[in-house]
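What follows draws every value from the coordinates through simple rules; no lab data is involved. Keep in mind that this is a model prediction, so the values were computed, not measured. Here the Cβ is made from the backbone with ideal geometry for all residues, glycine too, and neighbour counts use every protein chain on show.
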Amino acid sequence: MKTLIEAKNISKIYPSGGEDTVALKDINLELKQGESVAIIGKSGSGKSTLMHILATLDRPTDGELLFAGRHAHNLSVAQIDHIRNKRFGFVFQQFFLNARSTCLENVILPLTIMGISAAERTRRGLTMLEQVGLLDKAKQRAGELSGGQKQRLCIARALITKPLVIFADEPTGNLDTENGDIVTNLLFKLQKEHGITLVIVTHDHDLAKLCDRSLVMRDGRIVAPDSEQQRRV
């Protein structure tokens, strides 16, 4: 499989008034096209920081980040923005929806930012809403949806640009078991159908087991993902 993202000796240090906080230490990993990867660990283990760096939402203090073999530090701001907006999709625990806008308006927002024509935005938006089972909610305000429906809407929005990678940070964290299962099944179904690389940050080991592989983090490092270590995380 083709390597889409590669991290080489990535470290992240947050300066503070006293002793600096080391969030990541010498991280090395590759993300392959079409695979699903779980990043698991306790709060403060560095898993969200790692995802933010892989997704270009944050910059490493040291090390190299490569996209399809190209060094990130050689890319312009415009090129990084293009990767983030076109090649990546995001699903967060907090939803980040515009409650007063309709479901269709929310799902097509990335296409609006990209300058896609209104007719094409609508066509693709309705197609994505149908895929997540929300076509009948197209004209309904997002704030009126249930939690599970909101997360399905977020998945539709993440997929609307036909991304290569979806980053999901605790995608079922705010949902009950039933809705969590619905969202999980939908996320993996669409990931496989579209051949997307899926990166999930989670503390849920049942969710992590659905992925092709897991990266267990502790104290800013990736540790060997064997069963004994996963029980201790």
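Laid out as a table, the results:
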| item | result |
| --- | --- |
| Cα gyration tensor, the range 1-91 - rounded (a/c under 1.5), prolate or oblate | prolate |
| Overall form of the chain per C-alpha gyration tensor (a/c, 1.5; a/b vs b/c) | prolate |
| Relative contact order of the range 106-233, defined on C-alpha pairs under 8 angstrom at six or more residues apart (%) | 20 percent |
| Rounded tilt (10° steps) of 177-194 against the dominant C-alpha axis of the chain | 90 degrees |
| Over the chain, relative contact order from alpha-carbon pairs under 8 Å, at least 6 apart, % | 29 percent |
| 222 nm mean residue ellipticity, helices alone, for the chain (DSSP H n ≥ 4; -39,500 (n - 2.57); rounded to 500) | -9500 deg cm²/dmol |
| Cα gyration tensor, the range 134-233 - rounded (a/c under 1.5), prolate or oblate | prolate |
| Computed magnitude of the charge dipole of the chain (debye, nearest 20; Cβ of K, R +1, Cβ of D, E -1) | 620 debye |
| Cα-based helix-to-principal-axis angle, 118-131 vs the chain, degrees rounded to 10 | 70 degrees |
| Beta bridge orientation in the chain: antiparallel %, DSSP, nearest 5 | 50 percent |
| Inter-centroid distance (Cα atoms) of the range 68-85 relative to the range 91-108, Å | 26 Å |
| Degrees between helix 147-159 axis and first principal axis of the chain (Cα, 0 to 90, nearest 10) | 80 degrees |
| Relative contact order computed over the range 1-139 (Cα-Cα under 8 Å; 6+ residues apart), in percent | 20 percent |
| For the range 100-142: span of alpha carbons on each principal axis (Å, largest first) | 25, 22, 13 |
